[in-house]
Amino acid sequence: MHVAIPLYPRFTALDAVGPYTVLAFAPGFTVTFVAGQAGPVPDDHGTLRIAATASYADLPAPDVIVVPGGSGTFDALADEALVAWIGQAHEHTRWTTSVCSGSLLLGAAGLLDGVPATSHWAVLDELKKYGAEPVSERVVTSGKIVTGAGVSAGIDMALTLLGQASGEETARSVQLMIEYDPQPPFDSGSAKTASQAMMERALSLLP
């Protein structure tokens with residue numbers, strides 16, 4: 001199972017690295033970071049670079065794509081090569097997935113018309129522009145399209161995908177291997193329970 005994770009300037013690192021870690025541990029999976037051209041791509045803080053080892057042209061028909069989000073998503077919506085690759089790759093995938101605002105790129109590629117999907121709470125309503133049905137859930141599956149909510153939800157999305165692709169036992173084994181047993185010190189990880197002031201404070205942290 002070959003997984004391609006496209007990178008673009010100012011992606012959010014955990015959006016890409018969370019699913020990468022889950023799927024790279026899974027037996028029979030190979031994960032490749034791709035971009036317009038091979039080479040390092042900066043994250044949304046500009047202090048971390050992940051090297052794409054292949055171009056879009058090098059990997060036109062992966063089995064799975066995982067599109068990350070980030071503060072660079074809105075600029076990436078105008079990246080014709082990226083959007084075209086997502087649309088073309090989708091024709092061959094077994095699963096097409098996204099994390100956070102990466103779902104907007106699925107929408108721009110024409111994949112979400114009439115499809116329930118999720119995204120980061122701050123941009124969830126933006127999905128309506130692409131005909132999608134915004135759903136405020138951690139992971140949303142619709143056929144072969146699987147979307148994850150904000151950032152850390154990419155791990156949940158990848159485990160959900162792995163359960164579908166390789167069975168629950170494999171997914172559970174990987175979850176144990178990475179010791180994914182969330183016990184956050186604060187109950188403030190959802191916009192559903194956050195105050196307006198806390199939401200505004202959180203948005204002020206965006207790079």
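The values are calculated or read from the model by the stated rules, or taken from the named source; none is laboratory data. Keep in mind that what you see is a predicted model, and the values were worked out from it rather than measured. Don't worry about glycine lacking a Cβ; one is built from the backbone with ideal geometry, like all the others, and counts go over all protein chains shown. Keep in mind that these areas ignore ligands, DNA and RNA; they rest on the heavy atoms of the full protein, side chains included. Shrake-Rupley method; radii C 1.70, N 1.55, O 1.52, S 1.80 Å.
Please work out the average accessible area per residue across the chain, using the 1.4 Å probe convention, and give it in Å².
Here the residues of the chain average 48 Å² of exposed surface.
Assigning unit charges at the beta carbon (Lys, Arg +1; Asp, Glu -1) and nothing else, what dipole magnitude in debye, to the nearest 20, does the chain show about its Cα centre?
Roughly 40 debye, rounded to the nearest 20.
Carbon and sulfur: what percent of the chain's accessible surface (1.4 Å probe)?
53 percent
With unit charges on the beta carbon (Lys/Arg positive, Asp/Glu negative), name the residue among Leu161, Thr193, Trp121 whose Cα is farthest towards the positive pole of the charge dipole of segment 117-207.
So the residue we want is Trp121.
How large is Rg over Rh for segment 1-85, taking Rg from the Cα atoms and Rh as the Kirkwood inverse mean of 1/r across Cα pairs?
For segment 1-85, the value is 0.94.
Tell me which DSSP H helices of the chain clear both cut-offs, 24 Å or more of axial length from alpha-carbon atoms and a mean Kyte-Doolittle hydropathy of at least 0.0. Before the final figure, lay out the partial values.
On the way: long enough: none.
Counting only whole DSSP H runs, no helix qualifies.
Two decimals is fine: what is log10 I(q)/I(0) at q = 0.13, 0.14, 0.27 Å⁻¹ for segment 99-157, from a Debye sum with one equal scatterer on every Cα and no solvent?
Values, matching the q order: -0.23, -0.27, -1.06.
Could you give the radius of gyration (one decimal) and Dmax (whole number) of the Cα atoms in the chain, in Å?
In Å, with Rg to one decimal and Dmax whole: 15.9, 46.
What is the sum of charges around Thr93, taking Lys and Arg as +1, Asp and Glu as -1, for the other residues whose C-beta is under 10 Å from the C-beta of Thr93?
My count for the surroundings of Thr93 gives 0.
Using Cα-Cα distances under 8 Å and only pairs 6 or more residues apart, what relative contact order does the chain have, in percent?
For the chain, the relative contact order is 19 percent.
How about segment 57-159: which GluC sites (Glu not before Pro) there lie in a loop by DSSP and see at most 16 other Cβ atoms within 10 Å?
Counting only loop positions with at most 16 other Cβ atoms within 10 Å, the GluC sites (Glu not before Pro) in segment 57-159 are Glu91, Glu137.
Assuming 1.567 mPa s and 4 °C, estimate D for segment 102-205 with Stokes-Einstein, Rh taken as the Kirkwood radius over Cα pairs, in µm²/s.
Roughly 87 µm²/s, to the nearest whole number.
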